[in-house]
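The values are calculated or read from the model by the stated rules, or taken from the named source; none is laboratory data. Model, not experiment: these values are computed from the prediction. Glycine also receives a Cβ, built like all others from the backbone with ideal geometry; neighbour counts cover every protein chain displayed. For accessibility, only protein heavy atoms count, side chains too; no ligands or nucleic acids. Shrake-Rupley method; radii C 1.70, N 1.55, O 1.52, S 1.80 Å.
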Amino acid sequence: MSDIPSGAATGAARRDRRTGLAEPLQRLFPALTSAVVFGLLLGMIIVAFAPGRTGPGHLAAGAAAPAGKAGPFDIELGDLYVKPSSINVPKGATVELRVHNAGKMDHSLELDGTGGKMLKPGESETVTWGPITSSVKAWCTVAGHKDAGMVLDILVEGSTADAGAAPAGEGADNSAKIDFAAAPASDWKPYDPAVTPAPGGTRHDVTLSVEEKEQEVAPGVTQLRWTFNGQVPGPTLRGRVGDLFTVTLVNNGTMAHSIDFHASKVAPNVEMRTIKPGEKLTYQFKADYAGIFYYHCGTDPMLHHIANGMYGALIVDPPNLGAVDREIILEQAELYLGPKGEPGDLKKMHAEKADAVVFNGFVNQYVHRPVTVDKGERVRVWVLNAGINEISSFHVIGTIFDTVYKEGNYLLRPDAGRGGGQALDLMPAQGGFVEFTLDRDGTYPFVTHKMSSAHKGAIGLFQVGAGQ
Ligand SMILES: [Cu+2]
């Protein structure tokens, strides 16, 4: 499945549809930390000292002669920490640091975030910075690592722990802003929500390539997303109970990544291990249980990797799954925006301060391009809550579910009792499906019925018949 499907509505049709939608919408809606704890590599041994490097200092113009050398300081970089996290130096000193990467991921330590060298696991370097005339910070420039705590405070003696002058702009909210009233460009195409039946056979060989690319997440708003196969959500995989999946993960990104299939029972430190850029791993499992299962990157900080786009669904059909006329998938997730064109903001993810909640990766995309459904046809919607933090309560306005399946079990099936369902509740990482018909021409909004989320981008539309 591609995130660039064909079949975008024409401009005229789109306007008609949107006009038709405005009224019901206004009426209805006025307006870890990773479980994988990388080994605490105690007993760090600094083996190699790379040639010294002189970095930019906080040298005041016309400053007096340096007040001598400070250090050397042994600084350990790990996943995701800097030890020690602060050092004290005399004012005007030139500071020497022996920096060692004791982690399993690449890290760097760069004064003011510039001029450093990326260290592979086990590598060391010696840097000389200065003269240092005022307190300053150095940090790891791998995306997300600074926000995760990889910061070294270099404190000029006499100043306090937080005296480091924040670089210009730090602390200010420079994240991208969403205009919820904006429309996408005429050539924009939504993520194709269609789900195709499980391919034949019992073996499925899949390659998932990690690609880090700038993508639109709302009209005119781009982020640097970390993706599986260049799309968010990643490809929907599908099979039947007992099928064998062989997935090759290829890391074509610039940082370490991994994959965790909730449909598998494997050793997390083997199949779900983190691999470096340029590496591959093969992850094989038998799908022994039915349901719609989450898959996601599990590399630290996991919430950053998932919320930045590294998630998708694997459907294992329940035995005797009934026939329907149309199947689609909606994966709910939040957006925590960083500056335009940059990865999402890790601090907001920790604080659960989402800028938007979306279906299939883009704000209100199926309001802009409604999902077409024929009158009276039987529709199955697979729903996965990709989180990272929000609940989901999936509801379609104007219909009643006669079938609800959640987490491997039917909660509701058509029978003489005539039970009806109105919402499928899913915590982060849970999934299921609902089935229903839309019996009259019109536009039928679908939402998460947690209304604050719906108002932040988690609304779409089914279009039955011509624009009403
Ligand atoms: Cu990742």
Of the residues that make up the stretch 349-365, is at least one in the same structural domain as I329 (by TED's automatic domain parsing), open to solvent by less than 20 Å² (accessible area, probe 1.4 Å) and either within 13 Å of V464 (Cα to Cα) or basic (K, R) (or both)? no
- Being part of a strand (DSSP E or B), crowded, with 16+ Cβ neighbours inside 10 Å and either among the hydroxyl-bearing types (S, T, Y) or more than 16 Å from the ligand (Cβ to nearest atom) (or both), is that true of even one residue in the stretch 223-231? yes
Among residues of the stretch 192-210 being of a type in the set (A, V, I, L, M, F, W, C) and more than 16 Å from the ligand (Cβ to nearest atom), the residue surrounded by the fewest Cβ atoms within 10 Å (Cβ to Cβ) is A194
### Message
I'd like to know if the stretch 438-445 contains one or more residues that are open to solvent by 40 Å² or more (accessible area, probe 1.4 Å), among the hydrophobic types (A, V, I, L, M, F, W, C) and in contact with a Lys or Arg (Cβ under 7 Å, 6 or more places away or on another chain).
### Response
no
Per the filter on the stretch 239-276, residues away from the ligand (no atom under 12 Å from the Cβ), hydrophobic (A, V, I, L, M, F, W, C), in a loop (DSSP other than H, G, I, E, B) and crowded, with 19+ Cβ neighbours inside 10 Å are A263
Filter the stretch 318-338 for residues that are open to solvent by 20 Å² or more (accessible area, probe 1.4 Å) and part of a strand (DSSP E or B); the one that is farthest from the ligand (Cβ to nearest atom) is R326
Reported set for the stretch 179-191 where residues are open to solvent by less than 50 Å² (accessible area, probe 1.4 Å) and not aromatic (F, W, Y) is A182, P184, P190
| Condition check for V217: away from the ligand (no atom under 16 Å from the Cβ), open to solvent by 50 Å² or more (accessible area, probe 1.4 Å) and not in a loop (DSSP other than H, G, I, E, B) | no
Among the residues of the stretch 245-267, are any of a type in the set (D, E), in contact with a Cys (Cβ under 8 Å, 6 or more places away or on another chain) and modelled with pLDDT of 95 or more?
yes
In the stretch 72-95, anything within 31 Å of the chain's Cα centre (by Cα) and among the hydrophobic types (A, V, I, L, M, F, W, C) is listed as I75, L77, L80, V82
Taking the stretch 96-115 and keeping residues open to solvent by less than 50 Å² (accessible area, probe 1.4 Å) and under 27 Å from the mean Cα position of the chain (by Cα) leaves N101, A102, G103, M105, D106, H107, S108, L109, E110, G113
Exactly one of Y283, Y294 is more than 11 Å from the ligand (Cβ to nearest atom), in the same structural domain as L208 (by TED's automatic domain parsing), open to solvent by 10 Å² or more (accessible area, probe 1.4 Å) and modelled with pLDDT of 95 or more, and that residue is Y294
(message) Would you confirm whether or not the stretch 423-435 contains a residue that is surrounded by fewer than 23 Cβ atoms within 10 Å (Cβ to Cβ) and either assigned to a strand (DSSP E or B) or of a type in the set (D, E) (or both)?
(response) yes
Given (1) crowded, with 18+ Cβ neighbours inside 10 Å; (2) farther than 18 Å from F245 by Cα; (3) more than 16 Å from the ligand (Cβ to nearest atom), M310 misses just (3)
